[in-house]
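*Asks:* Take a look at this one; I'll ask things after.
The values are calculated or read from the model by the stated rules, or taken from the named source; none is laboratory data. This structure is a prediction, so every number in the text was calculated from the model and none was measured. Note that each Cβ is placed from the backbone with ideal geometry, even for glycine, and that neighbours are counted across all protein chains shown.
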Amino acid sequence: MKITLALPDDLPKLLAFRQEAAGWLRELGSDQWSRPYPADRLLSTIESGTVFMVRDGDVTAATITLTTDAEEGLWSEQELSEPSLFINKLTVARTHAGQNMGGRLIDWAGDRAFRASLKWLRLDAWTTNEALQRYYLGQGFEHVRTVREGNAVNGGPRVSGWLAQRATYPANHEFVDETPTP
């Protein structure tokens, strides 16, 4: 399997991919990703070169968005002064579930961050998705805190404010990395 940058032509595939993940989460009783993701925002992140895809032949097996920019209002000034890479929208196709695809992709992201001389791999997760939080803890992340207030979208409680981080380090992820050097 190989990792490539997502291209604008991948937009419909990525939108359908997210819908599939939202349906699976709904079956598990979670409202995570229940609102459709705006296509124009996704296209903008694709064009910025921050969306990556794991391709298994012609099949998209997983996707991840990586950025050095933190979502506003989550991390402290002290934390933001530490060089970090932030994981967003990590999604694994149901066809590739149970194969440690997410873990390998997290290792790839941590390896990429390490090669870019960044200290931390960080993420925020849905505050009510305890299974996802346990998953990230099992992947070596440490819970930093949970931010519940300050959702810039509607002024209500923040739904994705469970913050976690792990130190970056070199890792053998077993992907063929066809992305530009970080």
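*Asks:* Could you tell me which numbered condition ASP107 fails, if it satisfies all but one of (1) in a loop (DSSP other than H, G, I, E, B); (2) within 18 Å of THR4 (Cα to Cα); (3) charged (D, E, K, R)?
*Replies:* Here ASP107 clears every test but (1).
*Asks:* I've got another one for you. Can you tell me which residue within region 94-113, out of those that are hydrophobic (A, V, I, L, M, F, W, C) and more than 15 Å from THR179 (Cβ to Cβ), is modelled with the highest pLDDT? Break it down stepwise before answering.
*Replies:* At the first step, the residues of region 94-113 found to be hydrophobic (A, V, I, L, M, F, W, C) are 97, 101, 105-106, 108-109, 113.
Now drop any that are not more than 15 Å from THR179 (Cβ to Cβ), which leaves 97, 101, 106.
On the way: ALA97: 86, MET101: 93, ILE106: 97.
Going through the qualifying residues, I end up with ILE106.
*Asks:* Among the numbered conditions (1) at pLDDT 95 or above; (2) in a strand (DSSP E or B), tell me where GLU82 comes up short.
*Replies:* (2)
*Asks:* I would also like to ask the following. Select, from SER76, SER160, the only residue that is surrounded by fewer than 20 Cβ atoms within 10 Å (Cβ to Cβ), over 23 Å from ALA62 (Cα atoms) and of a type outside the set (Phe, Trp, Tyr). If you could, list the steps in order and put the result at the bottom.
*Replies:* On the way: SER160 fails: over 23 Å from ALA62 (Cα atoms).
Among SER76, SER160, only SER76 is surrounded by fewer than 20 Cβ atoms within 10 Å (Cβ to Cβ), over 23 Å from ALA62 (Cα atoms) and of a type outside the set (Phe, Trp, Tyr).
*Asks:* Which pairs do you get when a residue that is free of Cβ contacts under 8 Å to residues at least 24 places away in the same chain and on the phi > 0 side of the Ramachandran plot, found in region 68-97, comes within reach of a residue that is loosely packed, with under 12 Cβ neighbours inside 10 Å and assigned to a helix (DSSP H, G or I), reach meaning Cβ atoms under 7 angstrom, with the pair 6+ apart or on two chains?
*Replies:* Short answer, once both residue conditions are applied: none.
*Asks:* Could you grab me the full set of residues in region 129-178 that are within 24 Å of ARG104 (Cβ to Cβ), of a type in the set (S, T, N, Q) and either modelled with pLDDT of 95 or more or part of a loop (DSSP other than H, G, I, E, B) (or both)? Don't jump to the end; show me each part of the working.
*Replies:* Within region 129-178, the subset within 24 Å of ARG104 (Cβ to Cβ) is 129-144, 160, 162-178.
This time we only want the ones that are of a type in the set (S, T, N, Q), so: 129, 133, 139, 160, 165, 168, 172.
Listed by number, the residues that qualify are ASN129, GLN139, SER160, GLN165, THR168, ASN172.
*Asks:* Failed condition for THR91, given (1) loosely packed, with under 14 Cβ neighbours inside 10 Å; (2) at pLDDT below 90; (3) part of a strand (DSSP E or B), with all others met?
*Replies:* So THR91 meets the others, but not (1).
*Asks:* Just the residues that are out of contact with any strand residue (DSSP E or B) (no Cβ under 6 Å at 6 or more places or on another chain), at pLDDT 95 or above and on the phi < 0 side of the Ramachandran plot, please, taken from region 117-128. Please lay out each step first, then the result.
*Replies:* Taking region 117-128 first, the residues out of contact with any strand residue (DSSP E or B) (no Cβ under 6 Å at 6 or more places or on another chain) are 117, 119, 126, 128.
Next, only the ones that are at pLDDT 95 or above stay: 117, 119.
The one that is out of contact with any strand residue (DSSP E or B) (no Cβ under 6 Å at 6 or more places or on another chain), at pLDDT 95 or above and on the phi < 0 side of the Ramachandran plot: LYS119.
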